[in-house]
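Peer 1: So that we are looking at the same thing, I have put the structure below in C-alpha cells.
The values are calculated or read from the model by the stated rules, or taken from the named source; none is laboratory data. Nothing here was measured: the structure is a model prediction, and the numbers come from that model. All Cβ positions, even for glycine, are placed from backbone atoms using ideal geometry, and neighbour counts span all protein chains on display. Heads up: the accessible areas ignore ligands, DNA and RNA and are worked out on the full protein's heavy atoms, side chains in. Shrake-Rupley method; radii C 1.70, N 1.55, O 1.52, S 1.80 Å.
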Amino acid sequence: MPNLEHSAYPAATLLRLESLVPCRESQVSMLLSIFGERQQFSFPSIFIYGHTSSGKTYVMQTLLNTLQLPHVFVNCVEHFTSRLLLEEILIQLQNRSSETKQAAHVPCDTFNDFVRLFKQAVVSQDLQDQTIYVVLDRAEQLREMEANILPAFLRLQELTDRNVTVVLLSEIVWELFRPNTGCFEPFTLYFPDYSIGHLQKILCQNHPPEYSADFYAAYINILLGVFYMVCRDLKELQHLAALNFSKYCEPVVRGEANERDTRKLWKNIEPHLKKAMQTVYLREISSSQWERLQRDEGEAGQLKGLSAHAHVELPYYSKFLLIAAYLASYNPVRTDKRFFLKHHGKIKKTNFMKKHEKTSNHLLGPKPFPLDRLLAILYSIVDNRVAPTANIFSQITSLVTLQLLSMVGNNDQLDGPRYKCTVSLDFIRAIARTVNFDIIKYLYDFL
C-alpha cells in the first residue's frame with residue numbers, strides 16, 4: 001500500500017516518487033496536499049527549514065521533476081545580489097522549454113521590472129493555467145539583500161496576479177527572517193534530522209551489486225555505530241561509506257573470512273575507521289590520497305592519528321621554527337648547552353637533575369621562552385645559516401595566528417615577547433619527519 005496518494009497524479013508516478021525520497025513520505029505528502037492540482041492556486045509562499053543534509057533541496061527537486069511541474073530553482077549563494085537573482089529566475093523561466101528559442105538577456109534592475117518581465121514570460125511560455133514554483137535555495141541570503149526583496153517574494157502571487165508559489169529553503173527558523181515592519185506569513189514546514197534507522201535505510205540503498213544486501217547492511221551498521229555520535233550529515237556518511245568499504249571487504253576478497261564472519265571483518269576495519277574519525281568533515285586529503293594511504297600500510301601507520309595539514313601546509317623554515325619552539329618549551333634552559341653546542345663535554349642527566357625535575361616536562365606542560373632563545377635554537381638545528389630577516393619574524397607571527405604558538409604576557413614588556421608551543425608530541429614528530437629531523441634525540445625527557 002503506497003504512502004503517497006493524490007487524485008491528480010498517476011499511482012505509478014507516486015510510487016516512483018516514494019522510492020526516490022525514502023524516509024520523507026510525510027513531508028512529501030504534506031507538500032502534495034498544499035500543491036493541489038496543476039491548475040489550482042496554491043499557497044503563495046512556503047518556508048521549508050531544517051538542519052543541513054536533511055533532504056530539503058533533494059526532496060523539492062525530486063518532487064518537481066518527477067511530477068513534471070513548471071518550476072525555477074535558484075541558489076541564493078551563487079546569485080548573491082538582487083539583480084543576479086531576479087535575472088536568473090527570468091532566464092530559467094524563459095528557457096524552460098526546449099522548443100523555445102534562447103531568449104535574449106534582459107536586464108532587471110528593480111522588482112517592478114521583475115514583476116513586468118515575469119508576467120510576460122508566463123504568457124510566452126503558455127503557463128497561465130498552471131502553478132509555477134519559484135524555489136530559492138539557501139534563502140537566508142535574502143536577508144543580506146535590499147529590504148523589499150523578501151516581502152516582495154512572499155507576495156509574488158499577489159503582485160503578478162499569476163498562479164505562482166515561492167518556496168524558500170533554509171537552515172534557520174522563520175523567526176530570524178521576519179522583518180520588523182511585518183510581512184505576509186508563509187506556510188512553514190519543518191524537515192527533521194534523519195534518525196539512525198533512516199540513515200541505515202538510505203545508506204543501504206547504495207550497496208554494490210557484487211555483494212549481498214545483508215553484507216552491506218552489516219557494514220553500514222558498523223559505520224553508523226562508529227560515526228553516528230559525531231556525524232549525522234547524510235552526505236558525509238555516504239562519502240565515508242564509499243571510502244572505507246573496500247577495506248571492509250579485504251578479508252572476503254583474500255578468502256580469509258566469509259560475509260557472515262562479522263568479528264574478523266570488524267577487526268580488519270576498526271583501525272581504519274578510527275583514522276577516518278579524525279578527519280570527519282575536514283577533507284584534508286582527497287579520496288584518492290586516502291585510498292593510497294589505505295593501500296600503503298607503512299605510510300598509513302606513520303600518519304596514524306595525525307592531521308594531514310601537519311606536514312604539508314607550513315613553509316620550510318616555519319617547520320624548523322615550530323621544532324625550535326617545541327624544544328624551547330619542553331627542555332630546561334640549562335640543557336641547551338648539552339643539546340646545541342658541539343664541544344659541550346660529557347654531561348650526565350643525573351648531574352643537573354633537581355628534585356622538581358624528576359617529573360616529565362611533557363606532563364608539566366609547555367614552559368614560556370624568550371624570542372632570543374628560540375632564534376638561538378633555530379640557528380643551531382638548521383644546517384645552513386639563517387639570517388634574522390623580517391621573513392623569519394613574520395613566520396613567527398603566522399605561527400601565533402595559527403595557534404601553533406601562543407604569546408605569553410604583554411607586548412610592552414622590556415625583556416621582549418615570550419612564547420609557548422601549543423602542539424602535541426605526535427604533531428611535532430610528524431613535522432620533524434618531513435624535514436628529516438630526529439626530534440626525540442633533542443628532547444630532555446627521552447634521554
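Peer 1: Could you size up the charge dipole of region 88-183 around its Cα centre, putting +1 on the beta carbon of Lys and Arg and -1 on that of Asp and Glu, and report it in debye to the nearest 20?
Peer 2: That gives region 88-183 a dipole magnitude of about 160 debye.
Peer 1: Okay, moving on. Averaged across orientations, what area in nm² does the convex hull of the alpha carbons in region 1-154 project?
Peer 2: Dividing the Cα hull surface by four gives the mean projection, 9.8 nm².
Peer 1: Mind listing the Cα extents of region 139-279 along all three principal axes, in Å, largest one first?
Peer 2: The Cα atoms of region 139-279 stretch 69, 32, 20 Å along the principal axes, largest first.
Peer 1: Still on this model: Tell me, what ³J(HN,Hα) does each residue in region 121-132 have, in order and in whole Hz, if you take phi through Karplus 6.51 cos²θ - 1.76 cosθ + 1.60 with θ = phi - 60° and put x for Gly and Pro?
Peer 2: Values per residue, Gly and Pro as x: 5, 5, 5, 5, 8, 6, 10, 4, 9, 10, 7, 9 Hz.
Peer 1: Of 323, 440, which has the most accessible area and how do the rest follow, probe 1.4 Å?
Peer 2: 440, 323
Peer 1: So, one more: Which length gain, in nm to one decimal place, applies between residue 446 and residue 161 when the Cα-Cα distance is subtracted from 0.36 nm times their residue separation?
Peer 2: Gain on stretching residue 446 to residue 161: 94.6 nm.
Peer 1: Sticking with this one: Per residue of region 21-32, in order, report the coupling 6.51 cos²θ - 1.76 cosθ + 1.60 (Karplus, θ = phi - 60°) as ³J(HN,Hα) in whole Hz, putting x for Gly and Pro.
Peer 2: Per-residue couplings from phi come out as 10, x, 6, 10, 5, 5, 5, 5, 4, 5, 5, 4 Hz.
Peer 1: Quick one: Karplus J couplings for region 250-263, per residue in order, coefficients 6.51, -1.76, 1.60, θ = phi - 60°, nearest Hz, x for Gly and Pro?
Peer 2: 3, x, 6, 5, 7, x, 7, 8, 9, 5, 9, 7, 5, 5
Peer 1: Around residue 419, with a cut-off of 12 angstrom between Cβ atoms, what is the net charge of the other residues, counting Lys and Arg +1 and Asp and Glu -1?
Peer 2: Within the 12 Å Cβ shell, the charges total +3.
Peer 1: Mind listing the long-range amide H neighbours of residue 46? Cut-off is under 5 Å, sequence gap 5 or more, other chains count too, H placed in the peptide plane at 1.01 Å from N.
Peer 2: Counting only residues 5 or more places away or on other chains, the set is 166, 167, 168, 187.
Peer 1: For region 15-60, what is one quarter of the convex hull surface built on the Cα atoms, given in nm²?
Peer 2: Average projection, Cα convex hull of region 15-60: 3.7 nm².
Peer 1: Quick check of the Kirkwood formula: for region 64-207, what is the inverse mean of 1/r over all pairs of different Cα atoms, in Å?
Peer 2: 16.8
Peer 1: Near the amide H of residue 423, under 5 Å away, which other amide H atoms are found, from residues 5 or more places off or on another chain, if H is placed in the peptide plane?
Peer 2: none
Peer 1: For a quick check: with amide H placed at 1.01 Å from N, whose amide H comes under 5 Å from residue 418's, ignoring anything fewer than 5 positions away on the same chain?
Peer 2: Amide H neighbours of residue 418: 408.
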